[in-house]
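Below: one structure in structure tokens.
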Amino acid sequence: MLLAATMFAGATSASAKTPDGKPFILLLAGRPSHGPGQHEHNAGVQLFAKCLAQGAPQVVTKFYLSAAWPTPEELAQADTILFYADGAGGHPMLQGDHLAQTEKEMKRGAGFVCVHFAVEYPADKGGPQALEWMGGFFEMNWSVNPHWTADYTELPKHPISNGVKPFSTKDEWYYHMRFNDRAGKLTAILSALPPETSVGRDGGRSGNPTVREAVAAKKPQTTAWAYERPEGGRGFGFTGGHFHKGWGNDEQRKLLLNALLWTAKVEVPATGVESKITPEDLDANLDPKGRKPKPPENPAAAPAPGAAPAPAAPAPAAAPAQ
Ligand SMILES: [Zn+2]
């Protein structure tokens with residue numbers, strides 16, 4: 001057993017994969033949080049899985065919802081692991097012995113992808129690991145989390161950028177990440193200049209003198225980045241994803257799907273991972289969150305009086321206030 005473990009640790013590539021040799025991507029969603037359409041972790045990972053099935057059918061994906069945790073066997077097979085979840089002390093990776101379990105897979109070179117709040121870790125737990133595995137993380141009293149419209153006018157030459165055109169979306173684009181400046185290769189994938197108004201008063205996630213100075217000096221801020229560890233594993237951090245509708249943007253969605261392949265060491269197609277989704281796909285699997293869905297914005301789309309009523313949807317269970 002010890003011999004086998006040693007031999008495996010000495011392998012140069014992650015190449016865990018499924019028993020039939022297919023790349024394996026694990027998508028881990030956290031529990032619902034925030035209001036409707038925000039932090040839709042469960043709907044998000046299911047959308048990513050659907051899109052990967054379209055644009056990267058050679059890859060096997062499995063998702064876990066609401067902070068459920070995969071089996072050791074699945075972790076050991078994963079070529080990359082994505083977290084789309086609440087972060088900080090509530091991060092699913094920091095519960096129980098999950099950090100040690102994750103570390104084992106990172107040591108053999110598995111990919112590591114964190115989306116939105118999941119990029120935040122306490123500086124003394126998870127933060128050091130995120131620096132090592134992903135090259136950066138959201139650190140309290142250093143990074144900020146404003147809502148703003150980021151205008152990504154150009155992307156670097158990198159497999160994650162394949163087929164992704166410049167785009168602009170309003171999101172809670174965190175910036176001023178804490179980056180690993182000591183080892184590995186860090187590539188800024190998305191960078192933009194936030195408005196000075198996006199830096200608030202000094203506070204844990206709102207502002208601090210360092211970020212204020214950087215924005216005033218018009219230093220572009222990185223909101224998505226790729227990282228190659230010196231030992232060979234790959235990581236990707238993406239700070240947007242507060243609003244679920246952002247995944248309806250073809251460029252944003254393709255960027256994330258490309259990153260899943262890249263971190264799994266699967267070749268990214270020259271035109272990127274192609275996926276087509278409908279408004280129904282985007283609305284699928286949203287957590288009820290104890291609120292009624294918004295009425296249609298276009299009254300003409302509502303059923304005319306006297307029209308046969310649509311089958312009633314089951315009433316969502318009331319959720320406690322958050
Ligand atoms: Zn958010």
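Checking the structure you have, find out if any residue of the stretch 114-130 is closer than 30 Å to A270 by Cα and not hydrophobic (A, V, I, L, M, F, W, C).
Within the stretch 114-130, one or more residues are closer than 30 Å to A270 by Cα and not hydrophobic (A, V, I, L, M, F, W, C).
Looking at the stretch 96-117, is at least one residue assigned to a loop (DSSP other than H, G, I, E, B), within 16 Å of the ligand (Cβ to nearest atom) and farther than 18 Å from R234 by Cα?
No: zero hits.
So is P72 in contact (Cβ under 8 Å) with a residue 60 or more places away in the chain, farther than 20 Å from A130 by Cα and surrounded by fewer than 19 Cβ atoms within 10 Å (Cβ to Cβ) or not?
no
Which pairs turn up if I take residues in the stretch 225-243 that are within 16 Å of the ligand (Cβ to nearest atom) and look for partners that are part of a loop (DSSP other than H, G, I, E, B) and at pLDDT below 95 with beta carbon separation below 8 Å, at least 6 apart in sequence or on another chain?
What qualifies is H242/H34.
Out of the residues in the stretch 20-34 meeting the condition of being within 12 Å of L52 (Cα to Cα) and in contact with a Gly (Cβ under 9 Å, 6 or more places away or on another chain), tell me which one is nearest to the ligand (Cβ to nearest atom).
L27
I'm checking my understanding of the structure. Among residues of the stretch 127-154 that are assigned to a loop (DSSP other than H, G, I, E, B) and away from the ligand (no atom under 16 Å from the Cβ), which one is nearest to Q101 (Cα to Cα)?
The extreme case among them is G135.
Taking only pairs six or more apart or across chains, which ones have beta-carbon atoms under 8 Å, a first residue in the stretch 198-215 that is crowded, with 16+ Cβ neighbours inside 10 Å and hydroxyl-bearing (S, T, Y), and a second residue that is modelled with pLDDT of 95 or more and assigned to a strand (DSSP E or B)?
What qualifies is S198/V144; S198/W148.
Still on this structure: Against the condition assigned to a strand (DSSP E or B), modelled with pLDDT of 95 or more and not aromatic (F, W, Y), how does A270 come out, does it pass? If you could, list the steps in order and put the result at the bottom.
Numbers: assigned to a strand (DSSP E or B): no; modelled with pLDDT of 95 or more: yes; not aromatic (F, W, Y): yes.
No; evaluated as a whole, the condition is false for this residue.
Within the stretch 125-151, count every residue that is without any contact (Cβ under 8 Å) to a residue 60 or more places away in the chain and of a type in the set (S, T, Y).
Of the residues in that region, 1 qualify.
Considering each residue of the stretch 262-276, count those that are among the hydrophobic types (A, V, I, L, M, F, W, C) and surrounded by fewer than 17 Cβ atoms within 10 Å (Cβ to Cβ), and give that number.
Counting residues in the stretch 262-276 that are among the hydrophobic types (A, V, I, L, M, F, W, C) and surrounded by fewer than 17 Cβ atoms within 10 Å (Cβ to Cβ) gives 1.
Now, a different point. Which residues, counting only those in the stretch 35-64, are more than 14 Å from the ligand (Cβ to nearest atom), touching a residue at least 12 places away in the same chain (Cβ under 8 Å) and not in a helix (DSSP H, G or I)?
A56, Q58, V59, V60, T61, K62, F63, Y64
Test S191 against the criterion of being of a type in the set (G, A, S) and under 22 Å from K62 (Cα atoms), and give yes or no. Show your work before the answer.
Details: of a type in the set (G, A, S): yes; under 22 Å from K62 (Cα atoms): no.
Here the answer is no, as S191 does not meet what is asked.
Continuing with this model, one more query. Output yes when any residue across the stretch 169-187 is of a type in the set (S, T, N, Q), within 30 Å of E74 (Cβ to Cβ) and in a strand (DSSP E or B), and no when none is.
Yes: one or more hits.
The values are calculated or read from the model by the stated rules, or taken from the named source; none is laboratory data. These figures come from a predicted structure and were not determined experimentally. So basically every Cβ, Gly included, is an ideal-geometry build from the backbone, and we count neighbours across all protein chains shown.
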